[in-house]
Amino acid sequence: MSGLAAVLARLDERTEASLSELIEFASIPSVSAQPAHQPDMERAARWLSERLRRAGLGTVELWPTAGHAAVYAESLDAGENAPTLLVYGHYDVQPPDPLEKWQTPPFTPTVKGERPPEQKLYGRGVSDDKGPLLLTVQVVDAYLSALGRLPLNLKFLFEGEEEVGSAHLNELVEKNAQRLKADFVLSADGGMWSAETPSLTVSARGLAALELTVRGPTKDLHSGRHGGSVHNPLHALATLIAGLHDESGRVTVPGFYDGVSELTPQQRQDIANLPFDDAAYLTQTGAPAVYGESGYSTLERQWHRPTLEVNGLWGGYTGEGSKTVLPSEAHAKLTCRLVPGQEPGRIAELLKTYLEANLPPGVTLELHPSEHGARAYHLPDDHPGAAVARKVLAGLYGKPPLDVGMGGSIPVLETFQSVLGLDTVFFSFAVGDEDIHAPNEFFRVPRLYEGQHAWAQFWWILGENNA
């Protein structure tokens with residue numbers, strides 16, 4: 001039996017154990033956004049560290065930050081002439097709210113489905129990112145137990161703050177830049193486009209964020225006595241928000257589109273050839289119709305056009321019944337998804353300038369730009385990691401993967417590129433429809449085993465060929 005065949009056979013022997021481990025890992029409520037879960041974050045980091053040790057890795061460390069710790073591990077026994085990969089993932093998860101929408105308890109992972117090919121594991125974090133992360137550790141275990149060696153050098157960096165914007169990752173990577181040197185990053189985070197079609201994510205949009213507060217009177221006022229006499233901050237905020245887009249869905253902030261390139265005819269043709277249907281998309285999302293910047297298809301808008309979205313809008317009385325109040329302040333959270341040619345800091349400044357210039361009379365404005373922005377990312381077309389990924393996916397699924405974009409943003413891409421000079425290859429076996437960040441998040445159980453085989457083959461091809 002060849003080396004790779006022995007590894008794959010070892011993985012196949014352990015399918016039940018692999019699933020049980022994922023259930024155990026996902027049972028830990030490692031919610032990074034909520035201070036009450038700090039002990040759970042620590043427990044998850046310890047659990048992951050111990051699993052890396054049991055896999056056979058001699059160097060396993062907890063790297064503290066001002067927030068939640070990162071887990072680091074390495075195996076450099078393949079030698080200095082072998083390729084070195086930095087494997088990335090995150091062990092923190094989103095809050096499970098709203099709890100009443102869950103069909104099963106979010107931190108009691110539950111398998112549904114009679115036949116193994118159709119089984120799904122439901123629970124918070126199983127898809128984003130505990131399942132895709134854990135399978136990489138299980139592949140290490142299979143290699144070391146079956147062969148006693150890895151075909152290349154590996155370094156693992158599993159953070160605990162991805163779901164809160166990777167607030168301390170940049171500082172952590174800068175501090176440990178020498179330890180993290182590698183040829184490129186292979187990410188367990190991300191996701192494929194659909195369960196039926198293999199895909200390779202080659203781009204991601206960037207991010208700029210801003211929170212604003214509009215203030216009027218110094219205290220809430222009786223809307224009967226004072227309504228129509230002073231400007232209502234909610235009305236003023238609504239005016240500002242409504243002015244951010246024109247009737248065609250285009251952002252009205254001056255300079256917003258500076259540097260943004262139009263899609264080429266070939267890009268538009270490639271996207272049009274993809275097996276995507278607006279009707280199926282609407283069924284998946286539950287929206288009554290697609291909407292956005294006119295002149296572009298749904299996928300063109302999602303992958304290659306910048307956006308400005310209102311993520312939250314609140315103020316005044318929102319409890320049960322009526323309270324006739326004229327509120328003293330109103331609030332909104334905005335984010336912009338960026339494409340190549342846009343700088344997060346500049347976009348935040350343009351937005352700030354626009355809001356200040358268009359503030360209605362009778363109110364004041366307070367702005368809070370986020371410190372954590374990210375540029376758009378594109379994997380070079382000729383990247384060797386992409387070539388290996390395409391080969392592995394084509395062999396696994398019997399057809400070549402599609403190159404697709406990601407509408408979202410992953411701040412770590414900016415960190416790895418700017419601090420370490422490394423490109424990132426996405427190699428996650430989660431799927432975009434698995435309700436990540438929403439109630440009833442799930443992970444297709446067969447993808448756990450498919451991902452194990454794919455990662456084992458990726459490492460073998462890269463290492464044995466000394467790519």
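The values are calculated or read from the model by the stated rules, or taken from the named source; none is laboratory data. Everything quoted here is computed from the prediction, not taken from an experiment. Note that each Cβ is placed from the backbone with ideal geometry, even for glycine, and that neighbours are counted across all protein chains shown.
Key figures
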quantity	calculated
Set Glu24, Glu74, Glu80, Glu16: member being in a helix (DSSP H, G or I) and over 27 Å from Gln94 (Cβ atoms)	Glu16
Selection status of Thr298, out of contact with any strand residue (DSSP E or B) (no Cβ under 7 Å at 6 or more places or on another chain), of a type in the set (Ser, Thr, Tyr) and closer than 30 Å to Gly224 by Cα	no
Residues satisfying the stated conditions in segment 53-62, i.e. in a loop (DSSP other than H, G, I, E, B) and either in contact with a Ser or Thr (Cβ under 8 Å, 6 or more places away or on another chain) or of a type in the set (Ser, Thr, Tyr) (or both)	Gly56, Leu57, Gly58
The listed residue being free of Cβ contacts under 8 Å to residues at least 12 places away in the same chain and in a helix (DSSP H, G or I), out of Glu50, Glu42	Glu50
Pro117 vs. criteria under 25 Å from Ile461 (Cα atoms) and either in contact with an Asp or Glu (Cβ under 9 Å, 6 or more places away or on another chain) or not in a loop (DSSP other than H, G, I, E, B) (or both)	no
Flag for Val412 being assigned to a helix (DSSP H, G or I) and under 15 Å from Ala376 (Cα atoms)	yes
Candidate set: segment 85-118, residues that are farther than 19 Å from Ile28 by Cα and within 24 Å of the chain's Cα centre (by Cα); chosen: the one surrounded by the fewest Cβ atoms within 10 Å (Cβ to Cβ)	Lys101
Filtered residue count, segment 361-396, keeping only those that are under 24 Å from Asp423 (Cα atoms), at pLDDT 95 or above and either among the charged types (D, E, K, R) or in the same structural domain as Leu334 (by TED's automatic domain parsing) (or both)	2
Where Leu313 falls short, out of the listed (1) loosely packed, with under 15 Cβ neighbours inside 10 Å; (2) under 18 Å from the mean Cα position of the chain (by Cα)	(2)
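Rundown of residues vs (1) within 30 Å of Ala330 (Cβ to Cβ); (2) exposed (fewer than 11 other Cβ atoms within 10 Å of the Cβ); (3) charged (D, E, K, R); (4) touching a residue at least 40 places away in the same chain (Cβ under 8 Å), yes/no style:
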residue	(1), (2), (3), (4)
Thr239	yes, no, no, yes
Ser248	yes, yes, no, yes
Thr264	no, yes, no, no
Arg268	no, no, yes, no
Ala272	no, no, no, no
Tyr281	no, no, no, no
